[in-house]
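Scroll down for the structure; my scribbles are underneath it.
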Amino acid sequence: MTDRQAASHLLRRLTFGPTAAEVDAATRETTDATLDRLLEPPALPATPELGTDPFAADLTREQRMAARQDVRKQTTEATLWWLGRMAAGGATSVAEKLTFFWHGHWATSVQKVRSARLMVAQQQTFRRYGAGDTSPLVRAMLRDPALILWLDGQKNTRKAPNENLARELMELFTLGVGNYTEDDVKAGAKLLTGWKVDRATGRATLAGPRHDATPATLLGTNGVTDVDAYADVLVRNPAHLPFITARLWLRYGSTDQPAPKPAGTRDVTAMLRALVGSAEFAGTRGRLVKQPVEWLVGAMRQLGIKPDAKVGGILRALGQVPFRPPSVGGWPAGNAWLTTSSAQARLKAGQQLVALAPAAAEGLTGGERLDALAHLLVVDVWTDRTRAALTQVKDPRKLLALALATPEYTVH
C-alpha cells in the first residue's frame with residue numbers, strides 16, 4: 001500500500017496529471033509496482049497520415065504561400081493527435097511526457113523546419129530511443145532531418161563549415177556550458193559536414209564530396225571520424241550523466257533544488273526511477289510549476305475532455321504550443337509561468353474548459369464540495385487562503401474554473 005499523497009505526487013510528476021481513479025489504483029499497490037507498470041514502454045504508435053511535404057519541390061512565390069498554409073494545417077492535425085496521446089493515461093501518458101521532455105530538450109521548431117512530417121518523425125525518434133541508453137538517441141539525432149534543418153546542418157560543408165549544430169549539441173543537448181572548448185566545436189563541425197535533407201523522402205544522407213573525412217581530435221579523443229564515434233565520445237564524457245540528470249530533474253523534480261547524484265547509468269528509464277525514488281524527490285512536493293501543456297492535458301484528463309480545435313486554441317493562448325518552442329533553448333521553466341498574464345490566461349482557459357465539460361462540476365455542491373473538488377483535481381490540500389476564496393463561490397462551474405487557476409493546482 002502507498003500513502004495517497006505520495007502516490008499523487010509520483011503520478012503528477014510522471015504523467016501529465018492523474019485522475020482520482022489512477023491515484024486510487026496506485027494506493028492499492030507498492031511504489032515499485034506502480035513504477036514497474038508506468039515505466040514499461042508502450043508499443044510505438046502509428047503516426048497520423050499527414051500527406052506529402054509541401055516544400056519538397058521548388059515552388060513559386062504563390063505556391064510557397066499555399067505551402068505554408070498546408071504546413072500549418074498538418075501541424076495542427078499532428079498537435080491534436082499528440083494531445084490525445086498525452087491524455088491517454090497510464091504508461092502511455094508517462095511515455096508521452098518523456099517524449100515531450102525530449103522535445104523541449106532537443107528543441108526544434110516547425111516554423112523553421114517547415115515540415116510537420118519531419119517534426120513527427122523526430123518525435124518518433126524520441127519514443128523509439130528516449131527511454132533507453134542515451135547513446136542510440138544521440139546517434140539518431142545527429143541524423144535527424146528536422147534538427148539538421150533547424151540548426152543549419154545542411155549548410156555545413158567541407159569548404160564552408162557551420163558550427164551551429166556542433167555548438168548546441170555540446171552546450172544544450174549533451175554536456176552543458178563549460179565542458180567543451182572552441183577547438184571541440186570546430187572539430188565537431190568538421191565531423192558533421194556533408195549532411196543533406198531530402199524532403200521528398202524525409203531522410204538525411206551524407207554527401208561524400210561535401211564531407212570532411214579527415215580524423216578529428218574531440219574532447220581529448222584522437223582519431224574520431226564519423227557521427228557515431230562523435231556521439232560515443234559525447235555520452236562517455238564525465239559531464240554527460242550529471243548534465244542529463246540535472247535536465248530531467250528540472251522537469252520532473254525541482255527548478256530550485258539541486259538534483260540528486262546521477263544514477264550511474266545512461267539508461268533514461270533507470271535514471272527516472274532513481275530520481276523519483278530519491279530522498280530529494282519527496283521534498284519537492286508543491287515546488288514545481290506546471291508547464292501550460294502539462295496544466296492543460298491534466299485538466300483535460302480530469303474533466304474528461306477530448307482534444308479538438310477549441311482545445312488547440314486554448315493552448316495557444318496559454319503560450320506553449322508543441323512543435324513550436326521559442327528557441328533552441330526550449331521553453332522556460334518555473335516562475336516564468338507564474339506571471340500576472342499567465343495567471344489570467346489560466347483563469348480564462350479554466351472557464352473555457354469547464355464550458356466544454358459542464359458535467360464535471362455536477363458533484364461540486366453541498367458542504368463537502370471543496371473536498372470533492374480537491375479529489376477531482378488531485379490536489380492534496382487547499383491552503384486556508386485558497387479555501388476561503390473558494391468557499392465564496394457557490395456556482396459549481398465557476399468554482400471548478402477558479403480551482404483550475406489556483407496555486408495549489410498550478411504548482412504541484
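The values are calculated or read from the model by the stated rules, or taken from the named source; none is laboratory data. Just so it is clear, the model here is predicted, and its values are computed rather than measured. Here the Cβ is made from the backbone with ideal geometry for all residues, glycine too, and neighbour counts use every protein chain on show. Note: areas computed on protein heavy atoms with side chains; ligands, DNA, RNA excluded. Shrake-Rupley method; radii C 1.70, N 1.55, O 1.52, S 1.80 Å.
Is one or more of the residues making up the stretch 247-256 in contact with a strand residue (DSSP E or B) (Cβ under 6 Å, 6 or more places away or on another chain) and outside any helix (DSSP H, G or I)?
no
Taking ALA282, is it more than 23 Å from GLY130 (Cα to Cα) and modelled with pLDDT under 95?
Yes; evaluated as a whole, the condition is true for this residue.
Restricting the search to the stretch 304-330, which residues are assigned to a loop (DSSP other than H, G, I, E, B) and within 16 Å of GLU96 (Cβ to Cβ)? Talk me through it step by step, then tell me what you get.
Narrowing the stretch 304-330 to residues assigned to a loop (DSSP other than H, G, I, E, B): 304-308, 319-330.
LYS306, PRO307, GLN320, VAL321, PRO322, PHE323, listed by residue number.
Quick check on the stretch 167-176. Is at least one of its residues crowded, with 17+ Cβ neighbours inside 10 Å, touching a Ser or Thr at 6+ places or on another chain (Cβ under 6 Å) and modelled with pLDDT of 95 or more?
no
Closer than 28 Å to LEU172 by Cβ and surrounded by fewer than 20 Cβ atoms within 10 Å (Cβ to Cβ) - does that describe any residue in the stretch 352-375?
There is no residue in the stretch 352-375 that is closer than 28 Å to LEU172 by Cβ and surrounded by fewer than 20 Cβ atoms within 10 Å (Cβ to Cβ).
Test each condition in (1) touching a Ser or Thr at 6+ places or on another chain (Cβ under 7 Å); (2) open to solvent by less than 50 Å² (accessible area, probe 1.4 Å); (3) among the charged types (D, E, K, R) for ARG4 and report the one that comes out false.
With respect to (1) touching a Ser or Thr at 6+ places or on another chain (Cβ under 7 Å); (2) open to solvent by less than 50 Å² (accessible area, probe 1.4 Å); (3) among the charged types (D, E, K, R), ARG4 is out only on (2).
Tally the residues that are closer than 27 Å to ASP133 by Cα, without any contact (Cβ under 8 Å) to a residue 60 or more places away in the chain, of a type outside the set (Gly, Ala, Ser) and part of a helix (DSSP H, G or I), restricting the search to the stretch 155-200.
Adding up the residues that qualify gives 9.
Being among the small types (Gly, Ala, Ser), open to solvent by 10 Å² or more (accessible area, probe 1.4 Å), on the phi < 0 side of the Ramachandran plot and not in a helix (DSSP H, G or I): is that true of ALA57 here?
The answer is yes for ALA57.
Residues of the stretch 122-154 being outside any loop (DSSP other than H, G, I, E, B) and small (Gly, Ala, Ser), which ones?
Of the stretch 122-154, the ones outside any loop (DSSP other than H, G, I, E, B) are 122-129, 133-141, 145-150, 153-154.
Listed by number, the residues that qualify are SER135, ALA140, ALA146, GLY153.
Would you pick out the residues in the stretch 359-389 that are part of a helix (DSSP H, G or I), closer than 21 Å to ALA6 by Cβ and in contact (Cβ under 8 Å) with a residue 40 or more places away in the chain?
HIS375, LEU376, LEU377
For the stretch 390-407, state whether one or more residues are over 25 Å from THR340 (Cβ atoms), open to solvent by 60 Å² or more (accessible area, probe 1.4 Å) and not in a helix (DSSP H, G or I).
yes
Considering the stretch 271-281 alone, what residues qualify as being more than 18 Å from the chain's Cα centre (by Cα), over 30 Å from ALA345 (Cα atoms) and part of a helix (DSSP H, G or I)?
Hits for the stretch 271-281 are ALA274, ALA279, GLU280.
Among the residues of the stretch 279-292, are any of a type outside the set (Val, Ile, Thr) and farther than 23 Å from VAL379 by Cβ?
Scanning the stretch 279-292 turns up at least one residue that is of a type outside the set (Val, Ile, Thr) and farther than 23 Å from VAL379 by Cβ.
Every residue in the stretch 70-87 that is surrounded by fewer than 17 Cβ atoms within 10 Å (Cβ to Cβ) and among the β-branched types (Val, Ile, Thr), please.
THR76
Condition test on THR134, is it crowded, with 18+ Cβ neighbours inside 10 Å and among the polar types (S, T, N, Q)?
Considered against the rule, which asks whether it is crowded, with 18+ Cβ neighbours inside 10 Å and among the polar types (S, T, N, Q), THR134 comes out as yes.
Output the number of residues of the stretch 26-54 satisfying the condition of being open to solvent by less than 30 Å² (accessible area, probe 1.4 Å) and not aliphatic (A, V, I, L, M).
Within the stretch 26-54, residues that are open to solvent by less than 30 Å² (accessible area, probe 1.4 Å) and not aliphatic (A, V, I, L, M) number 6.
Can you tell me which residue is surrounded by the most Cβ atoms within 10 Å (Cβ to Cβ) among those in the stretch 296-313 that are at pLDDT 95 or above and β-branched (Val, Ile, Thr)?
Per the stated criteria, the residue is VAL297.
What pairs can you find where one residue is in the stretch 37-60 and farther than 21 Å from ARG117 by Cβ, the other is of a type outside the set (Gly, Ala, Ser) and surrounded by 14 or more Cβ atoms within 10 Å (Cβ to Cβ), and their Cβ atoms are less than 6 Å apart, with a gap of 6+ or different chains?
Hits for this filter: LEU38/LEU14; LEU38/VAL94; LEU39/THR269; PRO42/THR92.
Report whether or not GLY90 is modelled with pLDDT under 95 and either within 18 Å of GLU40 (Cβ to Cβ) or open to solvent by 20 Å² or more (accessible area, probe 1.4 Å) (or both).
yes
Would you say ALA67 is open to solvent by less than 10 Å² (accessible area, probe 1.4 Å), part of a helix (DSSP H, G or I) and modelled with pLDDT under 95?
yes
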